[in-house]
1. Given 10 °C and 1.306 mPa s, compute D for segment 423-490 with the Stokes-Einstein relation, Rh being the Kirkwood radius over Cα pairs; round to the nearest whole µm²/s.
2. Treating the beta-carbon of each Lys and Arg as +1 and of each Asp and Glu as -1, no other charges, what is the dipole magnitude of segment 422-526 about its Cα centre, to the nearest 20 debye?
3. Rounded to the nearest 20 Debye, what is the dipole magnitude of segment 261-402 about its Cα centre when Lys and Arg each give +1 and Asp and Glu each give -1 at the C-beta?
4. In nanometres, what is the gap between the two model label sites at GLU338 and SER564, each 7 Å from Cα along Cα-to-Cβ?
5. To the nearest µm²/s, what D does Stokes-Einstein give for segment 391-535 at 4 °C and 1.567 mPa s, using the Kirkwood radius over alpha carbon pairs as Rh?
6. Collect residues whose amide H, placed 1.01 Å from N in the peptide plane, falls under 5 Å from the amide H of GLN515; neighbours closer than 5 in sequence don't count.
7. Just subtract the alpha-carbon distance of ARG280 and HIS134 from 0.36 nm times their residue separation and send over the number in nm, one decimal.
8. Remind me, what semi-axes does segment 236-284 give for its equivalent ellipsoid, largest first in whole Å, using sqrt of 5 times each Cα gyration tensor eigenvalue?
Amino acid sequence: MPAPDMPHSPGEHRPHLPSAPRTAAERCQDGAGAEAAVVPRQGRRADSAPRGQTPATRPAPLGGSPCDVPELDPYDAPDDPLNHPDPWAAADACATENLLRCWVRESGAAPPDTDTLRIPLPATDTALLVPVRHWSATGWHRFGPPVFDGGAQDAPALDAVTLASLLGREADHGTERLGARAGTTELVGRVANSVEHTARFLSRRRGAPADPATDTPFLTAEQSLLFGHPLHPTPNSREGLSDAESPVFSPEPRGSFPLHWIAVDRSVLACDSAWTERGRTVPAERLALSLAGPDPELPSGTVPLPLHPWQAREIRYRPDAAALFDTGLLHDLGPAGEHWHPTSSLRTVYRTGAPAMLKLSLGLRITNSRRENLRKELCRGVEVHRLLRSGLSGQWRAACPGRPGFDIVRDPAWLAVDKPDGTPLTGVDVVIRHNPFGPGDEAVCLAGLTSLRPWPDRSAMCSRLERIVARLAARTGRRPATVSAEWFLRYLHTVVRPVLWLDGEAGIALEAHQQNTLVLLDLDGWPIGGRYRDNQGYYFRESRRPELQRRLSDLGAHSDTFVSDEVADERFAYYLGVNNILGLIGAFGSQRLADERLLLAALRRFLAEAASGPAKIRSTLPARLLEAPTLRCKANLLTRLRGLDELVGPVDTQSVYVAIPNPLFRSVTSHA
């Protein structure tokens, strides 16, 4: 399969981004001195231990003399429950912390005056006492194991399943406060499922902490989310996967598998393509043939279509699909071809060197939703690619110059099946996605960059972000907090600013949460660009419909992408503002790399310049983040308790949102 015409390949040019101005770093620290940013090239990745090597074979840092990467708090602390030697205990501690973080955020709990948080449980006529290891202005708190207030001194701490049951009971009891109709039984089951998966992932990765030498930086990051979303009650729940299937189909244990192929009669094939090679559009059927390779033997008049192996088994029990197999319109070809790797979403698969990734339908309930592609999402990916090629992409690059810059990972083609009556056959839709990353491209998922994981050269877990900061601090003699502040500033300018421009100038808000955001790093570990991925997560502002449709006349006709500005504002503020930017600040703070107050000050200045400075951006988000006393935030615990599937129904009712205090807001009196 030839390489596609790429809109902007990160491998074209990898310049060393100049240091952030000294004055900016000084301002971030409210007048404190900042060292000049002189960061020599390392000639290799910025995390310390090469793939597959032990600490004894690590290259020396600056100066040529061997030394260890500096060990930073708090994860070297022997009492951190996430470092418990029993992976089941560590997994349960993680799930307990997630539930507590969700409850604190979604119930509006106030910060404690001491190092213990008291959570009243009126429905059970008791309360919890929770040790506070770190209180975060952005919500990424660290907690110790909770106990009952007044309980026996020798009573064990609450486990995650018990805590989930108690919190579900409270949500049901306090309907006036939380508006929840509790699905406690379902929540408890999913918490248990998530704990079990997390424990198995930790056990495998602790036993083999080194990254395989054949893995790319992109794949390594996709496999790094061992604990999942820190503010989700069931981040690793995968209902429907057996114990044998989980290590094969999950990214965390580095699973891989061949695709399962079916042959689709052309009379029921549905597809579209804006994929180009050498300037010519390549039909989706030809892309499918190229991806399938020579292995599957096709019946006459058919086109190959790839399925996830789990999905291939499951759809045979669906009456509509079974009827098409029975009538010979679908043919089961079985597994074939090379192994593909699941990425952090599980359903999107990647193979090193392949020009495409595949976003497969997967009917497993993962976190809040069954992950089957919808036809409108397939159409949306193609139309966004065509929209960007209408001239918008060139304007975007001109407004946000520099290579590799920021872009969208394109979804320019898809394959699906229509039933004989013309309606879609659900569960088999496939997105063909560009793979713009070469083997050496440091394109890493932000959530993977900040996630804790085992390493071969240290006993305690830490994130790759921590290793990058430690290495840069060791090489330059600068404090980790100073390096962290500069890293964050560069991220704002190279990743966040282009996303704000697209909203302000084109009226397209991206669902740029941490898992959908890829950071491009130079060889020293500094951010130099980014990519966004996800054909679900586009919000075309209704107020900008005329100008967007002047670029592409039928825009939105089949994709259902236009939403009211009110909905776009809410979702954009949450996904980019709360989840992405504030979540990154929370990662720096909870991992003790920087004071969150310092980074919030840096963010305020960045937003003020974006809202009203000489290079003002038309997006309303910077002003909203600065001026709103509260922000609307997705409530993952309440969404789970209500049993909502975020892929079903109108976009404005797919999940529960609550108001949380805005840590960026400063009242008039606070300025005085």
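No value in this document is a laboratory result; all are computed from the given coordinates. Small disclaimer: the values here were computed from a predicted structure and weren't measured. When we count neighbours, we look across all protein chains shown, and the Cβ atoms used for this are built from the backbone with ideal geometry, even at glycine.
1. Once the numbers are plugged in, D ends up at 104 µm²/s.
2. Dipole about the Cα centre, nearest 20: 560 debye.
3. With Lys and Arg at +1 and Asp and Glu at -1, about 680 debye.
4. Each label point lies 7 Å from its Cα, and together they span 4.9 nm.
5. Values: Rh = 17.5 Å.
Approximately 74 µm²/s, per Stokes-Einstein.
6. Result for GLN515 returns ALA447.
7. 47.0 nm
8. 34, 17, 10
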